[in-house]
Amino acid sequence: MSHIQQLIENSKANEDIARKLFEIETEILACQSSEELLQRLLDLIKVKFQLSSISLLLAEPTPLSYLINGNLQSHWHQKNTKQISVEKLTLLHANKKPLLTNQLEQLNNIIPPVLLTGAKSVALTPLSLEGKLFGSLLFTDQAPARFHDKLGTFHLEQLAVKVSLCLSNVLIREQLQYMAHYDRLTGVANRRLMEVCLTEELIRQRRYGVPFSVLFIDCNKFKAINDTYGHDCGDKVLTYVANQLQNLVRENDKCFRYAGDEFVVVLASQTLPEAEQASDRLCQFFINNPMPYQHMFLPVSISCGAAESDGKQTMDELLRSADKRLYANKKADNGMVFKL
């Protein structure tokens, strides 16, 4: 093949790569979440470039505190993403440039061996946000000549920039949505999302006759905790209570931070007697499980009030009913709350 013919072939190959990258970019721009974007991205790259496998390496701990949260713990992410230390990631991309090699021994003790099974050559493309390296796309192929250090990295650098920009836009949108619907301190859903949930439950009850109940909950002696141990301890108590409530209720029940030290739990398909049983169980759990705090165990207790929707009450009326029962129970228990 003559030099001119080689240039023509190279030009055609570059044009084909550019077209495929444009098609990938077009599709991921339409993604509405980081999970959807990453899943679509990996699937598209693998198919369009006929790779043996593709994985996403994520820095651990991530330099971006908001990057990985519960939303990225799906089965797909567990299967297609792997954690790698920040130090090892930096070794792969010391200059934040892609790494192409068919000398796989240089990746020993850096990349998990399971990701290199059957591979003869690999390409690693760094991903950065806010100027910080947070991950790398790992492409593997069974052909030793597919990736090597003599190949140019221009197209991979383009891909990295486009993916990082798209992911940044999606993450910013997700953060705004999260801040609008979730309490930043405890991580549970906030009052706004509670109103949406209760509205949906009321519609379902009025349409299909499905019962539901609510629990109104507050932390006993919370002001005393703040006064005695400080507000940092108070924050930890709120977080502890929120986390335990979420773990103790059923999967289809929902926990919300209402205000201050008050929480609301919506119990789907539960009657009042069932809600009262749940209330007793939750209260007893906290009595039996004090919160670990500074080499000691801090007694934490809650009070609950249960109310069942009759389908006629408004959301506010239902919550007021549960709140009244909360204070009636608190008054009846009086001496049962913990002492500091």
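The values are calculated or read from the model by the stated rules, or taken from the named source; none is laboratory data. Only a predicted model underlies this, so the values are computations on that prediction, with no experimental measurement involved. Every residue, glycine as well, gets a Cβ built from its backbone with ideal geometry; the counts of neighbours run over all protein chains shown. Ligands, DNA and RNA are excluded from the accessible area calculation, which covers all protein heavy atoms including side chains. Shrake-Rupley method; radii C 1.70, N 1.55, O 1.52, S 1.80 Å.
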Exercise for review: With a ≥ b ≥ c taken as the square roots of the eigenvalues of the C-alpha gyration tensor of segment 221-302, please select rounded if a/c is under 1.5 and otherwise prolate if a/b is larger than b/c or oblate if it is not?
Suggested key: prolate
Check your understanding: Shape call for segment 98-155 from the C-alpha gyration tensor, a ≥ b ≥ c root eigenvalues: rounded (a/c under 1.5), prolate (a/b greater than b/c) or oblate?
Key -> oblate
Check your understanding: Tally Lys and Arg at +1 and Asp and Glu at -1 over the other residues with C-beta under 15 Å from the C-beta of Pro113: what net charge comes out?
Key -> +2
Review point. Once both axes come from the Cα atoms, what is the angle between helix 34-48 and the longest principal axis of the chain, in degrees from 0 to 90, rounded to 10?
Key: 30 degrees
**Study point:** Nearest-0.05 FRET efficiency for Lys46 and Thr239, computed from C-beta distance (R0 35 Å)
**Key:** 0.30
Study note, to complete from the structure: Residue-normalised value, i.e. accessible area per residue, for segment 102-215 at 1.4 Å probe, in Å², stands at 52 Å²
Review point. Gain in length, Ser269 to Thr117, computed as 0.36 nm per residue apart minus the alpha-carbon separation, to one decimal in nm?
Key: 49.9 nm
Exercise for review: Work through the residues other than Gln270 whose Cβ is under 14 Å from its Cβ and net out their charges, Lys, Arg +1 and Asp, Glu -1.
Suggested key: -4
Review point. With respect to the cross-link table entries Lys236/Lys324; Lys97/Lys162; Lys96/Lys120; Lys97/Lys150; Lys48/Lys150, which display a Cα-Cα separation exceeding 21 Å?
Key: Lys236/Lys324; Lys96/Lys120; Lys48/Lys150
Review point. With Cβ to Cβ distances under 15 Å as the rule, what net charge do the other residues near Asn190 carry (K, R +1; D, E -1)?
Key: +1
Practice item. Please get the size of the charge dipole for the chain, origin at its Cα centre, with Cβ charges of +1 on Lys and Arg and -1 on Asp and Glu, quoted in debye to the nearest 20. Key: 220 debye
Review point. At 222 nm, what helix-only mean residue ellipticity would the chain give, in deg cm²/dmol to the nearest 500, using -39500 (n - 2.57) for each DSSP H run of four or more?
Key: -16000 deg cm²/dmol
